[in-house]
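The values are calculated or read from the model by the stated rules, or taken from the named source; none is laboratory data. From a predicted model like this one, the values you see are computed outputs, not experimental measurements. For neighbour counting, all protein chains shown are included, and Cβ atoms are generated from backbone atoms with ideal geometry for every residue, glycine included.
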Amino acid sequence: MLNEIKFGSEIEPIRSHLRDAYRRGMDLNQNCLGVHGTSTIALETLIKTGILPGWSSSSDSDLWLPQRGDVYFFKPNDYLHYPEGVVSPIEQAESYGASAEARHRICQKFKLPIRYDEYIEFLVELAPDSEKYKETMDFLLRMGYRSKDIERIIKRYRHLKLSQGIVLAFHADVASNFPITKGDEGWRTETQENGLPYQFIYGIVINNKQRREDLEHLLGLSGFNMLYEIKRRLR
């Protein structure tokens, strides 16, 4: 469930810009630098602060890996070719967004800021005997969670990860304002720990019906106020 947002006048320019991006959809023309997958919870942060959160920690030992504040994206020609088929950049971003949606919602369940989302990833993706897995389990146990609660939430994560994420298109002007480097996956916008300002969001698309309703509510699009609230309270 999304947190309530007080739609004050100070965030209306942000919502107005994002409404335009939502109506534009996903037009991979010369104005589009690339596409990025994210969650409705990260977009909630974007609307509140005007900043799209970047990577939450630095991989100081390896500059090839993400650094704090980096925002990943796939360029329009970043197709992956496999024996069983071709994966488009939008499909890659959508998969990345679904994973982010799951991690961020589990952070909400644990009452953690979304910057802790990599802990959730460690918990699900790594082997139980790895150091990062053990550190994460110890961290959550110290917070008062029981092992069976953690196992239940991991199962919920795997279910959520099957859904579709939000895909954002970044405007080509990003490249004129931030260094762009090749990442371990796709490309990285180096924001120097600051995240990406909302003005660089050029397009938004989402195929999951529930996530789309969440997004349209956040953006203040007409026709969703009372109906959305009824549905939200029944979830």
Problem set entry | Enumeration of residues in region 171-190 that are under 16 Å from the mean Cα position of the chain (by Cα) and either small (G, A, S) or not in a strand (DSSP E or B) (or both) | E185, G186
Problem set entry | Identity of the residue in region 192-235, of a type in the set (S, T, N, Q), surrounded by fewer than 16 Cβ atoms within 10 Å (Cβ to Cβ) and farther than 30 Å from T181 by Cβ, that ends up modelled with the highest pLDDT | Q210
For this session: Kindly provide the set of residues from region 178-189 that are of a type outside the set (A, V, I, L, M, F, W, C), more than 22 Å from H17 (Cβ to Cβ) and surrounded by 17 or more Cβ atoms within 10 Å (Cβ to Cβ), ordered by number.
Result: G183, G186, R188
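The rows are residues; the columns are (1) at pLDDT 90 or above; (2) buried (at least 18 other Cβ atoms within 10 Å of the Cβ); (3) of a type outside the set (A, V, I, L, M).
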site	(1), (2), (3)
L2	no, no, no
G8	no, no, yes
P13	yes, no, yes
A21	yes, yes, no
R24	yes, no, yes
D27	no, no, yes
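Kindly provide the set of residues from region 96-114 that are within 16 Å of the chain's Cα centre (by Cα) and either over 20 Å from L43 (Cβ atoms) or surrounded by fewer than 16 Cβ atoms within 10 Å (Cβ to Cβ) (or both), ordered by number. First the steps, then the outcome.
Of the residues in region 96-114, the ones within 16 Å of the chain's Cα centre (by Cα) are 96-108, 112-114.
Those that are within 16 Å of the chain's Cα centre (by Cα) and either over 20 Å from L43 (Cβ atoms) or surrounded by fewer than 16 Cβ atoms within 10 Å (Cβ to Cβ) (or both): Q108, P113.
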Exercise. Any idea which residue in region 82-95 is farthest from L43 (Cα to Cα), counting only those that are in a helix (DSSP H, G or I) and of a type in the set (G, A, S)?
Worked result: S95
Exercise. Taking region 144-165 as the region of interest, how many residues are over 20 Å from the mean Cα position of the chain (by Cα), under 17 Å from C107 (Cβ atoms) and assigned to a loop (DSSP other than H, G, I, E, B)?
Worked result: 2
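Right, K148: more than 22 Å from W55 (Cβ to Cβ), modelled with pLDDT of 80 or more and not small (G, A, S) or not?
Working: more than 22 Å from W55 (Cβ to Cβ): yes; modelled with pLDDT of 80 or more: yes; not small (G, A, S): yes.
Answer is yes for this residue.
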Problem set entry | Considering residues of region 125-177 that are among the polar types (S, T, N, Q) and more than 30 Å from G203 (Cα to Cα) only, the residue surrounded by the most Cβ atoms within 10 Å (Cβ to Cβ) | T136
Exercise. If only one of L168, L141 is part of a helix (DSSP H, G or I) and either among the aliphatic types (A, V, I, L, M) or at pLDDT below 80 (or both), which one is it?
Worked result: L141
